[in-house]
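Worksheet for the structure shown next.
The values are calculated or read from the model by the stated rules, or taken from the named source; none is laboratory data. If you're wondering where the values come from, they're calculated on a predicted model, not measured in any experiment. Virtual Cβ from ideal backbone geometry, glycine too; neighbours counted across all protein chains shown.
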Amino acid sequence: MNNRLLLTAAILLAFILFGLIGTREETPTDTKEDSPSPLEADYDYYMSGMVLDRFTPNGKRSYRITSDQVTHYPTGDNSILDKPAIIWLEAERSPWLLTARGGALSPDPLTSEDRLVLKDQVIAESKTATGKALTITTESLNVMPASKVISTEAPVVIDSNGTHLSSKGLQADLEQDHINLLNGVSGHHE
């Protein structure tokens, strides 16, 4: 009878050990430390379908920024944007529309205005003074919405009326209709 009791105790102990081993937490072996999941990130809010209108002191709309989704991080007051767009609408000139697959909106450390950084398939579209379509494409673009200044050090292609120009870098003042291509400018006309 002693052997039966010992065998029953061993089986019971084995069940308890298997139960404890089966309930311990497993740690993933292939975690990505540089991209936390949204639930682990230190963001304070997110929203879908954002429309941000900025107005001049006299009450006219200066520009509009839209985004499919925005995630805001209080550290640095940074917002990550999905499919952002910015448009400046003015009665006396053609509007500029800038779109991208992603971007970030944050305060500029050197000025008192916002800075919008557009990334991935950036397209800027407007019309020239003569009504011809003008398109600028690049992979990243720094935008100062209030002052209408854009810049990049990435490769840029400008298309207008069959003329194609390419460069590594661009600086532009859209208020003054001044575009300055930086390094390695080349082009052709079709």
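Brief remarks on what is shown
- Number of the condition not met by L165 [criteria: (1) in a strand (DSSP E or B); (2) within 24 Å of the chain's Cα centre (by Cα)]: (2)
- Highlighted here are the strands (runs of 3 or more DSSP E) found entirely within segment 41-149 that include at least 2 residues which are touching a helix residue (DSSP H, G or I) at 6+ places or on another chain (Cβ under 7 Å): 102-107.
- Members of segment 125-153 that are small (G, A, S), in contact with a Ser or Thr (Cβ under 7 Å, 6 or more places away or on another chain) and surrounded by 15 or more Cβ atoms within 10 Å (Cβ to Cβ): S126, S140, A146
- For segment 96-125, residues that are in contact with an Asp or Glu (Cβ under 6 Å, 6 or more places away or on another chain), within 19 Å of D177 (Cα to Cα) and among the small types (G, A, S) total 0.
- Note on segment 171-185: among residues that are buried (at least 17 other Cβ atoms within 10 Å of the Cβ) and more than 14 Å from M144 (Cα to Cα), the one that is modelled with the highest pLDDT is I179.
- Test: residue in segment 39-60 that is hydroxyl-bearing (S, T, Y), more than 27 Å from K119 (Cβ to Cβ) and at pLDDT below 85: yes
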